[in-house]
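Novice: Can you keep this structure in mind? I'll have questions shortly.
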Amino acid sequence: MIDAAMSKRMEEATRLTRAGKLHEAMALLQGSVPEARSTETRRSESPNNVYQGGNTFDGIWEVVGKEDTVTKPESEARSATGAFTAGSFSNRVGTRDYKLYVPSGYHGQALPLVVMLHGCTQNPDDFAAGTEMNRLAEEQPCCVLYPAQPMTANHSKCWNWFKAEDQQREGGEPAILAGMTRQIIDTYGLDATRVYVAGLSAGAAMATTLAMTYPDLFAAVGVHSGLPHGVAKSLPDALGVMQGGTGPLGGGNKTKEAGWASGVPAIIFHGDRDTTVHPSNADSVGAQYSTSRQAGETVEKGKVVNGHGYTCTTHRDASGKPCLEQWRIHGAGHAWSGGSTKGSYTDPKGPDATKEMLRFFLQHRR
């Protein structure tokens, strides 16, 4: 945990970064923070819950020696439709709680699974309410898994996308999340060829990490306001990537230098007025999913009634199936596009990222 003095230094560093004074922010933090940490946003007081402020990543990682186990839901909340249950997963790396939505149409058949990774300061209930993925999963039956990041792992409940130890296969948070996903598939008899992962902000960055490190597990990925995999190994790196799409040292740490690529189909959303994660990151993320592009691209422009305009660029594979969609939302900030105000960090002015992601996902099998 961080004390009051540390909090003030982190807040000042965030202010300096947002003012474009990256070197001053790094100097302040490098002199006070010994571990890799980064900065993202906190909930604002604005009516549409768009990210506008700043809070801090404070990663605290503990490794425990345990076998893979999953605790069946201890508590259950039933809606008029499906069931939203709570459980816990443990393996040799660590333990994470989760919520799982099981649609009313589930009777033991092999349904698809969507893994949803919340953003900083959020939790599974909040993220489910804001994205409304459970409602759509009831209409197009699939199970939805919401892993929970505790404050003991990160002070702001962010997934630790910027730490080297959490960017590896069979190590750190990716190993926990992949193990949890596999256990849910086995426990409920779900379709292992139709497993998808999506996230917002830090959760989106971790979703890309999972697509890079476990392409044999996930059939498609959704990245909303996210960052590339492997371009940040420290707090200065993370600040630089978030603010401009590159690392802080002489243009280093660019996506092309990170050495990562994946053929996992991806759908990417990003607001072009995002001041928390610079919109250039959307292109950097897209570049890491370029290996499956074969049949050129098409560009569609549109506008939601009484909402945002958007540009959607679609790349297709040799069979004509979309393998990469990039949605740029005009006038949108750092918030889930088309989400509900019942959850935090949402922008109801659309387009509906949840609907488009699920549509994209269900076209793909591994």
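Read-outs: derived from the displayed coordinates by stated rules, not from any lab. For clarity, every value in this text was computed on a predicted model and none was experimentally measured. Here Cβ is always computed from backbone atoms with ideal geometry, including for glycine, and neighbour counts include all displayed protein chains.
Novice: What distance in nm separates the two pseudo spin-label positions at GLU297 and LYS233, each 7 Å out from Cα along the beta-carbon direction?
Specialist: So the label points at GLU297 and LYS233 sit 3.0 nm apart.
Novice: Modelling each spin label as a point 7 Å along the Cα-to-Cβ direction, I'd like the HIS107/GLU139 distance in nm, to one decimal.
Specialist: About 2.4 nm separates the two model spin labels.
Novice: Please list, in order, the residues from the stretch 143-187 whose amide nitrogen is less than 16 Å from a point placed 7 Å along the Cα→Cβ vector of SER88.
Specialist: 147-153, 180
Novice: Using a 10 Å cut-off around each Cβ, can you sort ILE268, ILE176, ILE329 from fewest to most neighbouring Cβ atoms?
Specialist: Going from least to most buried by this count: ILE176, ILE268, ILE329.
Novice: Here is a follow-up. Using only the alpha carbons of the stretch 99-166, what is the convex hull's orientation-averaged projected area in square nanometres?
Specialist: Values: hull surface 21.4 nm².
Taking a quarter of the hull surface, the average projection is 5.4 nm².
Novice: Report the trypsin sites (Lys or Arg not before Pro) located in the stretch 139-188 that are in a DSSP loop and have at most 16 other Cβ atoms inside 10 Å of their Cβ, or state none. Please report the intermediate quantities before stating the final value.
Specialist: Working: sites: LYS157, LYS163, ARG169, ARG182; in loops: LYS157, LYS163, ARG169.
Qualifying residues, ordered by number: ARG169.
Novice: Something else about it: Using modelled amide H (1.01 Å from N, peptide plane; none on Pro or chain starts), what sits under 5 Å from the amide H of VAL115, excluding residues fewer than 5 places away?
Specialist: Correct list: LEU145, TYR196, VAL197, ALA198.
Novice: Another question about this same structure. Within 10 Å of each residue's Cβ, count the other Cβ atoms and sort LEU100, LEU177, LEU200, LEU145 from fewest upward.
Specialist: LEU100, LEU145, LEU177, LEU200
Novice: Follow-up question, since we're still on this one. Suppose R0 equals 35 Å; then what is the FRET efficiency for ASP272 and ASN123 from their Cβ-Cβ distance, rounded to the nearest 0.05?
Specialist: Calculated transfer efficiency: 0.80.
Novice: Taking the beta-carbon count within 10 Å as an exposure proxy, list THR152, THR209 from fewest neighbours to most.
Specialist: The order, fewest Cβ neighbours first, is THR152, THR209.
Novice: Let me ask another. Using R₀ = 45 Å, calculate the FRET efficiency as 1/(1 + (r/R₀)^6) where r is the Cβ-Cβ separation of VAL305 and THR187; round to 0.05.
Specialist: Numbers: r = 42 Å, r/R0 = 0.94.
Efficiency for this residue pair is about 0.60.
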